[in-house]
Amino acid sequence: SLPIYQSYPGEQAIISGGKLLSGFTVGSDGRWTLNLKAAYTALWNSGWQFGQIWVNGKNASWPIRPTRGSDRFRIAAAAAQSAPPQYSDPVLPTQVGDRWSLVQGGIAQYANDRFGFNAGELNPNWTNLTDVRIEACSKGSASNIIPIKSISGTTVTMISHAFDIDVGSAWRRMNVYEDLDQTSGGAHPGEFYLNRSTGLLTYVPRSGETPASSTIIAPALYELIIIANTPRYTATAALAGNITFKGLTFSHTNSNALNVGVIGVASGLYTDPVGAVSAVGAANITFDGCTFEHLGSEGVIFGQGSNHNTVQNCLAHDLGGGAFWAGAKDRDKTSVADSLPANVNNPRTAYTDVGNTTFSNNLVYDFGTVYTLTAGLFISRGPSNRIIHNEIYNGPSFGVVLGDDPGTDIDAAYPTSNGYVGYNHIHDMGFGGSAFTADFGGLYTVGPQVGTIIEYNKIHDIYSSFFTPNGHDAIPLYNDDRSSGLTIRFNLVYATNNKIEQTKGMHHSEYNNILFSAYGAHSGGYGNDGHFPMIHSPPLIAGELAVNFTRNIVQWSTPNNPVETPQADIYVQTTNFQADSNLYFQNGVTLVNYAPNISFAGWRALGRDVHSIVNQDPLFNNPATGDFSLKAGSPALTLGFIDFSAAIANAGTTGAVGAQ
């Protein structure tokens, strides 16, 4: 029989990468201190650094100003970069496909290591200045948390380049010792500072905490388990795996993005997220009823060459990155042991295929606190992947991502095809608008997706990040570059800005969806596209059908701009975009135009939306309470629209999750 790793009966096994800290003293100011260099000399001398700890199971972090969820600083002035980007910078220096060029559209400020700030936001006299971090808003890398190199006047230079360094973009400062001082705005309970020079850890306790009654754990390991068939993951031998992990808890891993000793080297080396559990060249691995919590990066990553793997009935929360991934991110790195930069143009092996992965009945929340451009669930490529009955919420950007960079040759050989994404509940993404992420969405696809079905998903309360003039924010159904061959049906989208987007895609069928934003919408139009219901740009190949959009209900309200059109994109008239039997209704407005450049009459003259209904209320029963069933007499029913409210009630998890 196949091996099963589980707790001994009556016990709960916790696989932890943390170190239990003891010996704190309490100062006259109430703050706790412990010299790690003296108390844990061997571990300290090995390069031990960290950016978060856990006190009685609660996350404690560096000082962050402004605090997350409140205001933010904005880049005050442009400053020429101090040097051209090097390969080890946080983002790729060469164009991969058409998505990750550092100079998109010739805009050099997409990649810069310097910017101007306002007086008082940074101080060159702060303790250990080069350990202070800048968190910059980004749409191009997993984490834009970069150490300061120097400050001159009101210009700061970082040790590495970052995306979206342009005037008006948001940023925060992190890991400033003086921010724990009451004279600098006040310390916040649950914050700490680790002095890399002296080894002194200073913690500001929460109410009721004492060293004697508290369990304090600091992360020491980056990974807990590695399953691989070769040391360097070339994956040319027989696959490893055939293992089940049942009811276990995995906790307390470090983050390479928060370890000053790792990233703060002269080259500015940037490392991608890694998994608490990493599997490469592995198959038939199952995580059933496990808990992943208090992690500095990802929960599980099934890397290249791993297929037929399953994560089911699991709980994942308090994560620096995403929960469960199949396919390494961006540079095909999976493990710290394999984290050095690689030539992105090198051919990958046949083992890059990560097909037949299943993520089922998992609860994922409070993730992406470090790596903001992440996903709760992510599958990069390969056939027959299933994401079903998961609930995902309180993340910074993507709930679900399906697909990989569309411009690389790997997609031709290993397309993401015949997948299924159904009955998931994705909500409250974007950290209430405080996430430092632009260009994101609730359910995101990229690259070929032929035969994939997306249905019965409930997506709502996706907050625009509203920080940057670049990017598309908070799009619930986001079909990005060259997504093709999707069937999108019976999905409920509400309380968002944008609703659905298609970029350069082809051969989509989108029908019987509800795209609604009249109640609880997080409006403001901070992204490029405001809150238009639909955004469709031309297909990659001229003359090909982009999408067939039929029997959908599109209802919205835009309080900041009362007259908008269903379709945002000016290219809609020249695109092979078929639409019919839809219902379009904007609250309090009589619609005349279908798109900014064409009226409904002109649109119908092209043979589109000939049988559609405009300016009639679809008559939902009580959308303010989430009831989108249709009243008798709804005009949508005359179009053949099928009321799927009973089925969508089953979106989300269906039973117990996590270690029992």
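The values are calculated or read from the model by the stated rules, or taken from the named source; none is laboratory data. Since we're looking at a predicted model, the values are computed, not measured. All Cβ positions, even for glycine, are placed from backbone atoms using ideal geometry, and neighbour counts span all protein chains on display. The protein model used for the area step is the full one, side chains on, heavy atoms only, and it has no ligands, DNA or RNA in it. Shrake-Rupley method; radii C 1.70, N 1.55, O 1.52, S 1.80 Å.
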Using 0.36 nm per residue, how much length does the chain from Ser7 to Thr654 gain when fully extended, once their Cα-Cα distance is taken away? 230.5 nm
Accessible area per residue of the range 568-660 at 1.4 Å probe, in Å²? 46 Å²
So, with a 1.4 angstrom probe, what is the percent of accessible area on the range 537-660 that is carbon and sulfur? 52 percent
Expressed per residue, the solvent accessible area of the range 281-326 in Å² (1.4 Å probe) is about 13 Å²
Would you mind computing, in nm to one decimal, how far apart the modelled labels at Ala238 and Thr210 are, each placed 7 Å from Cα along Cα→Cβ? 5.9 nm
Using the Cβ atoms and a cut-off under 15 Å, what net charge is assigned to the surroundings of Asn35, where Lys and Arg are +1 and Asp and Glu are -1? +4
Taking amide H positions as placed in the peptide plane 1.01 Å from N, state which residues far from Gly51 in sequence (5 or more) or on other chains have amide H under 5 Å from it. Ser255
For Ile642, which sequence-distant residues (separation of 5 or more, or a different chain) have an amide H within less than 5 Å of its own amide H, given hydrogens modelled in the peptide plane? none
Could I have the simple spin-label model distance between Ala624 and Leu43, label points 7 Å from Cα toward Cβ, reported in nm to one decimal? 5.4 nm
Over 31 Å between C-alpha atoms is what I'm after, so list which of Lys37/Lys58; Lys19/Lys246; Lys246/Lys504 land there. Lys246/Lys504
Per residue of the range 168-177, in order, report the coupling 6.51 cos²θ - 1.76 cosθ + 1.60 (Karplus, θ = phi - 60°) as ³J(HN,Hα) in whole Hz, putting x for Gly and Pro. x, 5, 8, 7, 9, 9, 9, 6, 9, 4
Tell me, what ³J(HN,Hα) does each residue in the range 638-650 have, in order and in whole Hz, if you take phi through Karplus 6.51 cos²θ - 1.76 cosθ + 1.60 with θ = phi - 60° and put x for Gly and Pro? 6, 8, x, 5, 9, 6, 10, 4, 5, 6, 5, 5, 8
Return the long-range amide H neighbours of Asn593 (sequence gap of 5 or more, or a different chain), with a cut-off of under 5 Å between placed amide H atoms. Phe600
